[in-house]
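Okay, structure first, notes after.
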There are 4 protein chains.
Amino acid sequence: MKKIGIIGATGYTGEELLKVLVQHDSVEVDFVTSEKDKDRPLATIYPHLPAYKNKFFISAQQASELSVDLVFLCLPAGESANLAEIFLSKNVKVIDLGADFRFKDPEIYKKWYNMDHATPELLDKAVYGLPEWYREDIKKSNIVGNPGCYPTGVLLAVLPLLKKHLLSDDMIIADSKSGVSGAGKAATSTTHYVNVNENLSPYKAGRTHRHVGEMEQELTKCAGRETRISFTPHLLPVTRGLFSTIYVKTKQQKTKQHILDIMESAYRDEPFVHVVEEGYPSIKMAANTNYCFIGAETVPDSNTVILFSAIDNLGKGASTQAIQNMNLMLGFPETKGLLT
Amino acid sequence: MKKIGIIGATGYTGEELLKVLVQHDSVEVDFVTSEKDKDRPLATIYPHLPAYKNKFFISAQQASELSVDLVFLCLPAGESANLAEIFLSKNVKVIDLGADFRFKDPEIYKKWYNMDHATPELLDKAVYGLPEWYREDIKKSNIVGNPGCYPTGVLLAVLPLLKKHLLSDDMIIADSKSGVSGAGKAATSTTHYVNVNENLSPYKAGRTHRHVGEMEQELTKCAGRETRISFTPHLLPVTRGLFSTIYVKTKQQKTKQHILDIMESAYRDEPFVHVVEEGYPSIKMAANTNYCFIGAETVPDSNTVILFSAIDNLGKGASTQAIQNMNLMLGFPETKGLLT
Amino acid sequence: MKKIGIIGATGYTGEELLKVLVQHDSVEVDFVTSEKDKDRPLATIYPHLPAYKNKFFISAQQASELSVDLVFLCLPAGESANLAEIFLSKNVKVIDLGADFRFKDPEIYKKWYNMDHATPELLDKAVYGLPEWYREDIKKSNIVGNPGCYPTGVLLAVLPLLKKHLLSDDMIIADSKSGVSGAGKAATSTTHYVNVNENLSPYKAGRTHRHVGEMEQELTKCAGRETRISFTPHLLPVTRGLFSTIYVKTKQQKTKQHILDIMESAYRDEPFVHVVEEGYPSIKMAANTNYCFIGAETVPDSNTVILFSAIDNLGKGASTQAIQNMNLMLGFPETKGLLT
Amino acid sequence: MKKIGIIGATGYTGEELLKVLVQHDSVEVDFVTSEKDKDRPLATIYPHLPAYKNKFFISAQQASELSVDLVFLCLPAGESANLAEIFLSKNVKVIDLGADFRFKDPEIYKKWYNMDHATPELLDKAVYGLPEWYREDIKKSNIVGNPGCYPTGVLLAVLPLLKKHLLSDDMIIADSKSGVSGAGKAATSTTHYVNVNENLSPYKAGRTHRHVGEMEQELTKCAGRETRISFTPHLLPVTRGLFSTIYVKTKQQKTKQHILDIMESAYRDEPFVHVVEEGYPSIKMAANTNYCFIGAETVPDSNTVILFSAIDNLGKGASTQAIQNMNLMLGFPETKGLLT
């Protein structure tokens, strides 16, 4: 039985870790932290998670003195770096669900997150936690930067084509639609029920959302040359789920079956990525799971290919992908506690 | 063309007044106030109401120096009383959508709203703005206390039976379900999309919600003796609409048709109250209208009668009922601008 | 007072016509037809529309013998053409909310709707009912083909740029999201609540949806050369509303303000098309109205422009646009009964 | 590893069994049946359940020739009885998720389900599968009638008070609100998205819903005397979840804490029933779990007590309760595969 800790356990990703880990019988949650709920029992915030009813929130400071096998950091950008350094120095493995360890280049981090990285020397050691593309590195790593939700869905769909150099370089357009849990627990005008319900609204369109930097890092790396994306996220009236409709151009005209074959070939042995051959993916398929469902369509008499990707923004887009990474880092079967 | 003003026009009831009054061709909105948005154009808050794009918010102070025919006060309890006095002194008619003019007895107001009434001498002049029961008084009045949303739905269903002395006195139970706009525009944990969506939650159950005081005043008045209600509101995952399922006991066993006949007899000539003979009412019937739909069912071998009432909490439960009152007070046809 | 008739009044577009026309005080609904509900009172189907409670459904056959000023045909493709001919022969003006009179070329109609057009000789007389682009023709016409919902939203956004020859010809991509009322009243697996709620699903992606033919007819006409569109509709978990995110390439790089200025210049005097300068449009702005809200964004260092368009699929995308056309054809003020 | 079969695996309860059993590592699904999808791979219907992608639907006839340890029958009332007899004769344990084995008296079954029971002699052997009240009987039984969703939620809340003889006999009123999955997979006007969304509608109010018979059987048995219930279900715009607000009268006035203490005392050691002391239960707590959350409120100066009960209609109200019963019948830990 391995021990794990969760730093920042009152947000949606921390809550999802708690919920899913109940089913994982090889780890136990040793501590959970919350600065504002320190010393309160979890039951006051999570009456629906009776498995933890005798547990109390502690502070991150208290947690940093405890010894566990692995910690999940569920913190805003800029708050993980120093804590990660402390845990690593005590031989505690670290999975950061925030943005601090997703970038290789501290300048790019600074460009998108508007602050200096506190521990740039750690960036080389950190692995981008997309198991389907970095599995072996993750297994050997002590620190993983868990991908953002939008990048997870978009990259899983685009990388197989990019890696085979099938795409012309003039267009990758991602039109993404995310459930509201992706906007976090803060009560704002944006997350007010009346403003979300019976609505759909785009935000940060073009090349302004922070996840653009992360996507372009990985697209560029895979393509072997500077690669850009136009990205328009939309807020969707659902609690969970993230759907991306992605428009790319292939160098030569392809059939739908050709595209699906490439996807199938890339992911045939993957337990968590599934290619939808009949019809298209939808959010409901992926909600409350660690699965990514991928589909494709072509446009007659054109080189435009449409890719579809459905994940759960809190699942494969955050917490269950983090558990998948944990399984790899701690030597468990990769699917342990995650199959549905 | 009569001139009207709206005090507190950035909440849901003020917005609904603005929206519906676009269709009313005998009044024009002369001013709208907002303390925090003073001097800003309405277009910044209401881009979807182009009819008002050249209008600016003013302060309530500025408004109180202007002359119009009627003002709607859309303010929290305690904030209307003094303003109402000012407008009345200038011969401006007043409809208060808040709670300040719904009570006859300042002690009862104090009991439920936990503050002294600022202008208790005005309470006698104010009429409870339920047109189906106080139409003639409303026509002659300069000040109307527009009923709360829950009382509107519950009273319209219960009063016909109570007035005919058909009810035994040991039980009026109202189980109400309200859309989220009833909780107001404030962004709180309660109104966060993720907490409302795919959920249903009761609140302030028993005899604790402030609308209990208002309902009991009117029930008692109609029955001619002290009458109490058990009231349990629930927050419903819809934007608009309010449904009440009401359990009462009749002195003698009645058939469903008997109950429906009494309702039909009470409301036959009412343009905005309709009795549903086949099936039951539902929220969707009433949403975005000034209608109240009433239905009934009986329980075999028992004196228990179930009443159903569906309204729109922002419509008949607030703003369109206020416009119905305005039509009566200004001498317009009662249905003007309100039919759908 | 003009008399109108509605053929096929039990679908969503017929119901919406009934509902909105209650507020229009210069026309009265003379008859409504339904084959399956013939001889039944409207109250059995529309208890929430008390204005019509004394009306009965008649058959289309019976209707064709009556004389009114204008009929709305709310019928599936292929069922309007012959009826339209009958009404026209009796000097009854016709607005077809279906697809039969949207096309100029019967071959294109056949290609997309898979049947011969029954009255091809009428196509020349019919006007495409997009008032912002064909206003004067509509005023003079006796027969109007009311546009499809997707085409209305997409065309209003794209035509201003196309008309000014600003677009390069290699890409118009429309990623559209529609409310479920767009799928019609038929109870199918697709419209089952459980399959729609908490979901988003694309369908008929690429160039397969029937509205592609209609959009390409109008795009080509405006551009003056063959113009194609890639079109991916998605089913959205809302009842009403239609949002299109449209990706185009300009010949030269443009600023967001430049694009907005072109839109503003195209629609400045239009009562029902509004350009959103701050932020972006959203479905909620347009729901339950005849408005179209248009917005734009640009992608830095690229010629890609993102256009946004929000309408109500049953409003500007169908029934209220039909009433706008009726106002033009019958000589009423264009906005009569439609402002909100 | 025990083998199980699922008869009727294309409805919601069968699908939920499949989904949850993926996490249960002591049973394997040996066969699943569907008459209309016989010989088709599960992947065509359940692309989102990749664990079963190599499995094919067989017919119930084929299944009845196979040998497993336990079968779940997910069939409409009247279709389980004969099949159950066949499986029992082969020493296969049976859990019926339908209504055929919930009643002790075939006359009462006939009264509510309007047909003769096919195997009345089996009723004595069947145990009502509410583990918190019949645990020891379930362990020893070969056939269990899994309770209906409404009865599960209502009984768990009412039985502790009834058993202690605290209730006066003149009123048990249950006002229940159910998610749409409770209405089944059939596409009807009732389950059409547009009719459910932004709506709430009561149905079968009073004493007409079939679950009344089942509730009254258990209430009467527990009370030791004829006990009736007034029951009004409402269709709620959520996919999953069932909330009951229950009004009872106690013989003597009680405090809220007294009521909660009785609940706590009844369920202290129960893994799946939890008493909410602060605030009230809500649907979201229980959705996607096997938990029941119970709360209470009292009405000042009255003997009326309000009970709250929240479950997932497909979870504790159907499939996960069936798995809880399976765990008991097969000798596994009761919570195996079910904790969240």
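Shielding value for B:281-292 is 5, the average number of Cβ atoms from other chains within 10 Å of each residue's Cβ. Pairs with C-alpha atoms separated by more than 25 Å, drawn from the list B:LYS221/B:LYS251; A:LYS177/C:LYS204; B:LYS251/D:LYS104; C:LYS110/C:LYS251; B:LYS104/B:LYS139; A:LYS111/A:LYS221, are B:LYS251/D:LYS104; C:LYS110/C:LYS251.
Simple point charges give the picture: +1 on the Cβ of Lys and Arg, -1 on the Cβ of Asp and Glu, and for region A:149-314 a dipole about the Cα centre of about 380 debye.
Mind checking which aspartates and glutamates have their Cα closer than 18 Å to the Cα of A:LYS249? Skip sequence neighbours fewer than 8 apart in that chain. Result set, ordered by chain and number: A:ASP169, A:ASP170, A:ASP175, A:GLU216, A:GLU226, A:ASP261, A:GLU297, A:ASP301, C:ASP169, C:ASP170, C:ASP175. Every Cα-Cα pair in region B:238-282 was counted, and those over 16 Å apart are 53% of them. Find me the longest stretch of chain D that has none of the exposed trypsin sites (Lys or Arg not before Pro), where exposed means in a DSSP loop (not H, G, I, E or B) with at most 10 other Cβ atoms within 10 Å. Answer from the scan: D:37-224. Per residue of peptide A:43-52, the mean number of Cβ atoms on other chains within 10 Å of the residue Cβ is 5.
For region D:202-340, the convex hull spanned by the alpha carbon atoms encloses 140 Å³ per residue. Among the residues of B:247-259, the average count of other protein chain beta-carbon atoms within 10 Å of the residue beta-carbon is 1. The alpha-carbon atoms of region D:158-250 define a convex hull whose volume equals 95 cubic angstrom per residue. Given a Förster radius of 56 Å and the C-beta distance between C:ASP301 and B:PHE56 as r, what FRET efficiency does 1/(1 + (r/R0)^6) yield to the nearest 0.05? Taking R0 as 56 Å, the efficiency between C:ASP301 and B:PHE56 is 0.90. Summarising the label geometry, the points placed 7 Å from Cα in the beta-carbon direction at B:ASN82 and B:HIS165 lie 4.7 nm from one another. Per the Debye calculation on region D:116-175 with a single equal scatterer at every Cα and no solvent contribution, log₁₀ I(q)/I(0) for q = 0.12, 0.19, 0.22 Å⁻¹ amounts to -0.40, -0.84, -0.96.
The solvent-accessible area of B:ASP269, taken with every protein chain present and a 1.4 Å probe, is close to 140 Å².
What part of the accessible area of the protein assembly as shown, given as a whole %, is carbon or sulfur when the probe is 1.4 angstrom? Of all accessible area on the protein assembly as shown, carbon and sulfur atoms account for 48 percent. Long hydrophobic helices in chain B: the complete DSSP H runs spanning 20 Å or more by Cα along their own axis with mean Kyte-Doolittle hydropathy of at least -1.0 are B:149-163. The residues of chain C present an accessible area of 34 Å² per residue when probed at 1.4 Å with all protein chains retained. Only Cα pairs under 8 Å and 6+ residues apart enter the sum, and on that basis the relative contact order of region A:149-314 stands at 31 percent.
Between C:LYS3 and A:GLU277, the distance separating the two model label sites (each 7 Å from Cα on the Cα→Cβ line) works out to 6.2 nm. For the protein assembly as shown, pairs of C-alpha atoms spaced more than 59 angstrom apart make up 16 percent of the total.
For D:CYS292, the residues whose amide H sits under 5 Å from its own are D:VAL273, D:HIS274, ignoring neighbours fewer than 5 places away on the same chain, with H placed 1.01 Å from N. Based on alpha-carbon atoms, the Kirkwood radius and the radius of gyration of chain D give Rg/Rh equal to 0.96. Dividing the summed -39500 (n - 2.57) terms of all DSSP H runs of n ≥ 4 by the residue count of chain A sets its mean residue ellipticity at 222 nm at -8500 deg cm²/dmol.
What's the center-to-center distance, using Cα atoms, between region C:104-156 and region B:18-54 in Å? Result: 37 Å between the Cα centres.
Using 15 Å as the cut-off for backbone N distance, which residues of region A:91-111 belong to the label zone defined by a point 7 Å from the Cα of A:LEU66 along Cα→Cβ? Taking a point 7 Å out along Cα→Cβ of A:LEU66, the residues of region A:91-111 whose backbone N falls under 15 Å are A:92-93.
Which shape class, rounded, prolate or oblate, goes with region D:279-334 when its Cα gyration tensor gives a ≥ b ≥ c as root eigenvalues, a/c under 1.5 marks rounded, and past that a/b bigger than b/c marks prolate? Because a/c hits 1.5 or more and a/b exceeds b/c, region D:279-334 counts as prolate. Within region A:2-125, what percent of beta bridges assigned by DSSP are antiparallel, to the nearest 5? Antiparallel: roughly 5 percent of the beta bridges in region A:2-125.
What relative contact order, as a whole-number percentage, does region A:2-125 give when Cα pairs under 8 Å and 6 or more residues apart are counted? Relative contact order, region A:2-125: 23 percent. Per the accessible-area calculation with a 1.4 Å probe, the total area buried between chain D and chain B rounds to 3300 Å². Expressed as a whole percent, the proportion of Cα-Cα pairs in region A:1-132 lying more than 17 Å apart is 59%.
The values are calculated or read from the model by the stated rules, or taken from the named source; none is laboratory data. All figures in this text were calculated on a predicted structure; none of them were measured in a lab. Note that each Cβ is placed from the backbone with ideal geometry, even for glycine, and that neighbours are counted across all protein chains shown. For the accessible areas, the whole protein counts, side chains as well, though only heavy atoms, and no ligand, DNA or RNA atoms are used. Shrake-Rupley method; radii C 1.70, N 1.55, O 1.52, S 1.80 Å.
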